[in-house]
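**Student:** What follows is a structure written as structure tokens; I'll ask about it next.
Please treat every number below as a calculation from the coordinates, not as lab data. Keep in mind that this is a model prediction, so the values were computed, not measured. With ideal geometry, Cβ positions are generated from the backbone for all residues, glycine too; neighbour counts draw on all protein chains shown.
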Amino acid sequence: MMVVMRPRTISPRSLFALGVVGMLSLSACSGGGEPTAEAAETTTSTTTTEVTTTTAAPTTTTTTVPKSTTTRAPTTTTTLPTAEVTELIARATTTTVVDEATFYEAQETEPIAPPTDTYAAEPVISLGRIQIPKIGVDTTMYEGIRMTTLDVGPGHWPGSAMPGQAGNNVIGGHRTSKNRVFRDVDQLVAGDQIIFSDDNGTHVYAVNRVEVVQPTDVWIINPTPTPTATLFACHPPGSTAQRIVVFADLIS
């Protein structure tokens, strides 16, 4: 801030007026009387100072932001041995050939929904035989999964694949009542054989696993793109709380 001092001389007449005002003010504060003649007649040349204030505008500061710098990570190239590359290419180009007509036939064949009346009458139709050497099963297999059929023997789920076909061949049976054909299926392990014989020949399946599921797990009857067999029965023996399921794959 810069201050400029400019002197100015007040005229005698102005000075006289200022003096009168000053005395009147003082008199009002102190309770004094009229101003004296001496004060009125006194003429003094007084110098007063006029102050002019100049405010300088603030200086504007400009800050330059540095440009962002991008650092690229170094590129790393890994060269695989020739033998490993050849193996990877072979794996990628390996294709399992499945007869197209058989594949789509299996996918388009849908098993029927679980029957709402499991004790309704249905015709008893023989489809062939089922053998499970490990647990001594060798009996006739029928078409249907209602109790009227299962009381006679193991039944094929209508709409599921037939033995030997691409798809899921689903068979149900009893463990405790009537013929008890699937009583000991819990003893089956991976590799045990299940053999179906019908007018189209003999079809041998090998067990790959045994599971216990809930009665609502109807996914066990879903179609499959390859020839499989699924055997199911109530579990544990004498109870309908769960289902024991045997999964097998066609081997010959």
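**Student:** Taking neighbour counts of Cβ atoms within 10 Å as a proxy for exposure, in what order, fewest first, do V185, V245 appear?
**Tutor:** Working: V185 24, V245 20.
Arranged by neighbour count, lowest to highest, V185, V245 become V245, V185.
**Student:** Here's another thing I want to ask about it. By counting other Cβ atoms within 10 Å of each Cβ, how are W157, W219 ranked from fewest to most? The partial results should precede the final answer.
**Tutor:** Details: W157 21, W219 7.
Starting with the residue having the fewest Cβ neighbours, the order is W219, W157.
**Student:** If we count other beta carbons within 10 Å of each Cβ, what is the order of V137, V246, V210, fewest first?
**Tutor:** Values: V137 21, V246 24, V210 18.
Ordered by Cβ neighbours within 10 Å, fewest first: V210, V137, V246.
**Student:** Let me ask something additional. Collect residues whose amide H, placed 1.01 Å from N in the peptide plane, falls under 5 Å from the amide H of T176; neighbours closer than 5 in sequence don't count.
**Tutor:** Answer set, sorted by chain and number: G238.
**Student:** Just to check I understand the Karplus step: with θ = phi - 60° and J = 6.51 cos²θ - 1.76 cosθ + 1.60, what whole-Hz values come out for region 185-200, glycine and proline as x?
**Tutor:** Listing the rounded values in order: 5, 5, 8, 6, 10, 4, x, 5, 9, 10, 10, 10, 10, 8, 5, 8 Hz.
**Student:** Mind listing the phi-derived Karplus ³J(HN,Hα) values for region 129-136, rounded to whole Hz, using 6.51, -1.76 and 1.60 with θ = phi - 60°, and x for any glycine or proline?
**Tutor:** Values, residue by residue: 10, 10, 10, 10, x, 4, 10, x Hz.
**Student:** Using amide H atoms built in the peptide plane, which far-off residues or other-chain residues are under 5 Å from G128 H to H?
**Tutor:** M141
**Student:** From the Cα trace of region 115-219, what convex hull volume per residue do you get, rounded to a whole Å³? Please report the intermediate quantities before stating the final value.
**Tutor:** Values: hull volume 11.6 nm³, N = 105.
Hull volume over Cα atoms, normalised by residue count, gives 111 Å³.
**Student:** Let me ask something additional. Near the amide H of N169, under 5 Å away, which other amide H atoms are found, from residues 5 or more places off or on another chain, if H is placed in the peptide plane?
**Tutor:** Result for N169 returns A161, T228, A229, T230.
**Student:** Taking the Cβ-Cβ separation of D184 and V218 as r and a Förster radius of 25 Å, what is the calculated FRET efficiency to the nearest 0.05? Intermediate results must be reported in sequence, preceding the final value.
**Tutor:** Values: r = 24 Å, r/R0 = 0.98.
For R0 = 25 Å, the calculated efficiency reads 0.55.
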